[in-house]
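The values are calculated or read from the model by the stated rules, or taken from the named source; none is laboratory data. Predicted, not measured: the structure shown is a model, and the values here were computed from it. Cβ sites come from the backbone with ideal geometry, for glycine too, and all protein chains shown count toward neighbours. Protein only, heavy atoms only, side chains kept; ligands, DNA and RNA dropped before computing areas. Shrake-Rupley method; radii C 1.70, N 1.55, O 1.52, S 1.80 Å.
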Amino acid sequence: MHWSDGDTTSDRFDVAEVGEPRRRNVPRWLRFGLLVLGAMVVGWLLLQRLTAADTGVEVADPRFDSNYVVQVDLTVTNRLGDPQVLLAPKPPKLPGLEYVGMFRGERVTEYGEDGSADAVPLAPHGRRTLTLVWKVRDCVPALAAGGRQVVVPLEVGRAIGAKATLQVSTGRQRDLLPSVCDTSPTTGQPRFVASESDSAPGENSTITTFVRVQNTGGRPISYRSTGLPSGAAIDLTPRLPDRYGPVPVGDQQAVLLSFRSNDCRVPEQGPATVVMRFRSTGSDRDETLEVRLADSWANFLGVCTP
């Protein structure tokens with residue numbers, strides 16, 4: 001091929017310019033937002049690490065120190081090298097049972113002696129045994145819910161910061177019921193505890209006596225009336241019977257009785273005995289309790305004076 005002298009290479013070829021592609025500019029506000037979001041994520045992860053609870057809980061079998069109370073021991077282990085705290089648990093409401101509280105120590109015999117704790121300290125790599133206490137109030141609803149699982153939430157963590165919630169199972173509700181729900185599940189049973197008179201015969205015209213009664217059955221009982229064993233016409237019912245509400249299972253109640261001194265309506269022979277009547281919740285039959293106040297009515301009220 002022949003080219004003339006006036007021809008140049010640039011006249012014969014088009015050469016494209018090759019360079020780096022142009023970068024897209026990211027808005028400044030978007031870059032700032034991404035930086036803030038990243039910092040927040042890192043901070044949240046760090047906070048969770050600093051406040052995370054590493055705790056183990058061992059649940060002992062229920063203990064029954066009486067016919068009406070159950071105690072469950074929890075052994076809490078702090079697996080961290082730093083101190084932690086355990087907040088007072090708030091168990092769910094259980095039918096027929098009343099949660100008394102959480103107590104320190106391995107055994108609890110006097111409620112309130114140790115006091116319930118709002119926050120229990122857990123030493124680094126330490127162990128604490130705590131006791132959860134319930135009282136039975138009414139065996140009928142407690143037995144009806146016998147198969148449900150009792151799960152107690154425990155909040156554990158460092159004193160400052162978020163707390164982890166541990167779901168601790170103490171077994172079925174049926175396993176938490178004391179022996180009264182086996183021996184007397186459907187009726188209450190009044191039992192005489194003690195009596196005390198405020199005045200002696202001859203001091204005034206009225207003798208008041210407090211009779212303390214305990215409910216040893218499995219249902220609440222309500223006081224109804226008091227009379228003589230012979231059924232004699234004598235009114236011993238308190239003036240304010242409405243103030244005597246139902247007595248829950250295992251609890252006591254003091255009933256005030258008023259007598260007239262030197263009363264001739266009482267028997268001349270035999271001990272000073274009255275019959276108190278109570279009724280169980282859900283029942284239409286009275287439970288009777290015979291109470292002996294003294295060896296004779298003459299010793300209790302004074303000699304009959306017509």
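Listing for the model above:
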| quantity | calculated |
| --- | --- |
| Residue ranges of strands (runs of 3 or more DSSP E) in segment 121-184 with at least 3 members out of contact with any Ser or Thr (no Cβ under 7 Å at 6 or more places or on another chain) | 127-136, 164-172 |
| Number of positions in segment 148-163 that are crowded, with 16+ Cβ neighbours inside 10 Å and touching a helix residue (DSSP H, G or I) at 6+ places or on another chain (Cβ under 8 Å) | 4 |
| Criterion (among the small types (Gly, Ala, Ser) and closer than 16 Å to Phe64 by Cβ) met by exactly one of Gly188, Gly147, Gly171, Gly161 | Gly171 |
| Residue check for Arg172: touching a residue at least 24 places away in the same chain (Cβ under 8 Å), open to solvent by less than 70 Å² (accessible area, probe 1.4 Å) and of a type in the set (Lys, Arg) | no |
| Residue selected from segment 254-275 under the condition of a type outside the set (S, T, N, Q) and more than 48 Å from the chain's Cα centre (by Cα), by the criterion most open to solvent (accessible area, probe 1.4 Å) | Glu268 |
| Test result for Val211, hydrophobic (A, V, I, L, M, F, W, C), outside any helix (DSSP H, G or I), closer than 30 Å to Gly81 by Cα and open to solvent by less than 50 Å² (accessible area, probe 1.4 Å) | no |
| Among residues of segment 284-302, those that are surrounded by 14 or more Cβ atoms within 10 Å (Cβ to Cβ) and either part of a loop (DSSP other than H, G, I, E, B) or of a type in the set (A, V, I, L, M, F, W, C) (or both), counted | 10 |
| So Phe32, is it surrounded by 10 or more Cβ atoms within 10 Å (Cβ to Cβ), over 44 Å from the mean Cα position of the chain (by Cα) and at pLDDT below 70 | yes |
| Number of positions in segment 67-97 that are loosely packed, with under 15 Cβ neighbours inside 10 Å and within 17 Å of the chain's Cα centre (by Cα) | 4 |
| Hey, Phe210 modelled with pLDDT of 95 or more and closer than 27 Å to Val247 by Cβ or not | no |
| Sole residue being charged (D, E, K, R), modelled with pLDDT under 95 and assigned to a strand (DSSP E or B), chosen from Glu196, Glu203 | Glu196 |
